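Heads up, the thing below is written out as structure tokens.
The values are calculated or read from the model by the stated rules, or taken from the named source; none is laboratory data. Note that the structure is a prediction, hence the values are computed from the model and not measured. FYI the Cβ positions are ideal-geometry reconstructions off the backbone, even for glycines, and counts take in every protein chain you see. Protein only, heavy atoms only, side chains kept; ligands, DNA and RNA dropped before computing areas. Shrake-Rupley method; radii C 1.70, N 1.55, O 1.52, S 1.80 Å.
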Amino acid sequence: MDIEILRHSASHIMADAVKQLYPGVKLGIGPAIDTGFYYDFDRPQPFAPEDLEKIEKKMREIVKANLE
């Protein structure tokens, strides 16, 4: 699989995980970049390390579900 496609898909998976865990979060942009990917989120408080662990766990669940 092309790394750019993988990074693009990962950014969508992360956005889905965040929306599921934190309803009401607004999505910004989330492109693949040379070193990985990112997504801008609009929410009242910044994400804490514990939030990032939850997001990663949810991302793994989404990937495991093998959705199209």
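Tell me, what ³J(HN,Hα) does each residue in the range 42-56 have, in order and in whole Hz, if you take phi through Karplus 6.51 cos²θ - 1.76 cosθ + 1.60 with θ = phi - 60° and put x for Gly and Pro?
Per-residue couplings from phi come out as 10, 8, x, 10, x, 6, 9, x, 5, 5, 5, 5, 5, 5, 4 Hz.
If I compute solvent accessible area with a 1.4 Å probe over the protein chains, what percent of it on the chain is carbon and sulfur?
On the chain, the fraction of accessible area on carbon and sulfur atoms equals 56 percent.
Find which of V18, I3, T35 sits farthest along the positive direction of the dipole of the chain, computed with +1 on the beta-carbon of Lys and Arg, -1 on that of Asp and Glu, about the Cα centre.
Projecting each Cα onto the dipole axis, the largest value belongs to V18.
Would you compute, from DSSP H runs of 4+ residues alone, the mean residue ellipticity of the chain at 222 nm, taking -39500 (n - 2.57) per run and dividing by the full residue count, rounded to the nearest 500?
-17500 deg cm²/dmol
If you put +1 on each Lys and Arg Cβ and -1 on each Asp and Glu Cβ, how big is the dipole of the chain around its Cα centre, in Debye rounded to 20?
Roughly 260 debye for the chain.
Roughly how many Å² is the accessible area per residue of the chain, as a whole number, for a 1.4 Å probe?
I get 76 Å² per residue for the chain.
Check Y38: other-chain or 5+ apart residues with amide H under 5 Å from its amide H, H built from backbone geometry?
I33
May I ask you to compute the full-extension gain from L6 to F47, defined as 0.36 nm times their residue separation minus their alpha-carbon distance, rounded to one decimal in nm?
So the chain would gain 12.4 nm between L6 and F47.
Using Cα-Cα distances under 8 Å and only pairs 6 or more residues apart, what relative contact order does the chain have, in percent?
34
How fast does the chain diffuse by Stokes-Einstein, in µm²/s, taking the Kirkwood radius from C-alpha pairs at 25 °C and 0.890 mPa s?
197
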